[in-house]
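Chemist: This is the structure I have questions about; it appears just below.
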Amino acid sequence: MNETLSTITKRSRKLRSNPTPTELELWKYLRKRQFYGLRFLRQHPIKFSIDNKVDYFIVDFYCHDYKIVIELDGEIHKKQKDYDEMREGLLKEMGFIIIRFKNREILENVEKVLNKIKKLLFENRPVL
């Protein structure tokens, strides 16, 4: 890991320009503040530090107002469970709320997925 900001920015842009079918499907509902007026970012880098070394995770979707990270789990996630658990633990320690969906959940019933996201948002509504 331990990538520079310019490298991670390039990687984020590349991921945004080559979305998976599942990312595209969910993005149709989250983009342009269509989902409860909230701004979601796609393939967004999140900075963290371990042992005074700065690095970045790129999350699938991110809502800054609620510090919610939405992760989509495709086939690759079966092979990297330990990494995903470590990454999720670090993000939670940093105050992020993580919700994960399997690709098939989105492709088979996106409305159910959107309802789960809505429920999470309203359970974690920031105090103004």
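The values are calculated or read from the model by the stated rules, or taken from the named source; none is laboratory data. Remember, predicted model here, so these are calculated numbers, not experimental data. Neighbour counts are summed over all protein chains in view; Cβ atoms, including those assigned to glycine, are modelled from backbone coordinates with ideal geometry.
Chemist: Looking at region 21-71, which of the residues that are surrounded by 15 or more Cβ atoms within 10 Å (Cβ to Cβ) and of a type in the set (V, I, T) is farthest from the chain's Cα centre (by Cα)?
Modeler: Only one residue tops the list, namely T22.
Chemist: Which of the residues spanning region 39-54 are at pLDDT 95 or above and either on the phi < 0 side of the Ramachandran plot or of a type in the set (K, R) (or both)?
Modeler: Within region 39-54, R39, F40, L41, R42, H44, P45, I46 qualify.
Chemist: Being more than 22 Å from E123 (Cα to Cα) and of a type outside the set (V, I, T), is that true of even one residue in region 66-73?
Modeler: Taking every residue of region 66-73 in turn, at least one turns out to be more than 22 Å from E123 (Cα to Cα) and of a type outside the set (V, I, T).
Chemist: Next up: Restricting attention to region 49-67, report how many residues are part of a loop (DSSP other than H, G, I, E, B) and free of Cβ contacts under 8 Å to residues at least 60 places away in the same chain.
Modeler: 4
Chemist: Kindly indicate which of I70, I117 is part of a helix (DSSP H, G or I), closer than 17 Å to L30 by Cβ and at pLDDT 95 or above.
Modeler: From the options I70, I117, the qualifying one is I117.
Chemist: For region 5-28, enumerate the residues that are in a helix (DSSP H, G or I), in contact with a Leu (Cβ under 9 Å, 6 or more places away or on another chain) and over 25 Å from G95 (Cα atoms).
Modeler: P21, T22, E25
Chemist: Of all residues in region 1-55, which are more than 28 Å from R104 (Cα to Cα) and hydroxyl-bearing (S, T, Y)?
Modeler: Residues satisfying the conditions are T4, S6, T7, T9, S49.
Chemist: Does Y36 satisfy the criteria of being on the phi > 0 side of the Ramachandran plot, touching a residue at least 24 places away in the same chain (Cβ under 8 Å) and among the hydroxyl-bearing types (S, T, Y)?
Modeler: For Y36, the condition - on the phi > 0 side of the Ramachandran plot, touching a residue at least 24 places away in the same chain (Cβ under 8 Å) and among the hydroxyl-bearing types (S, T, Y) - is met.
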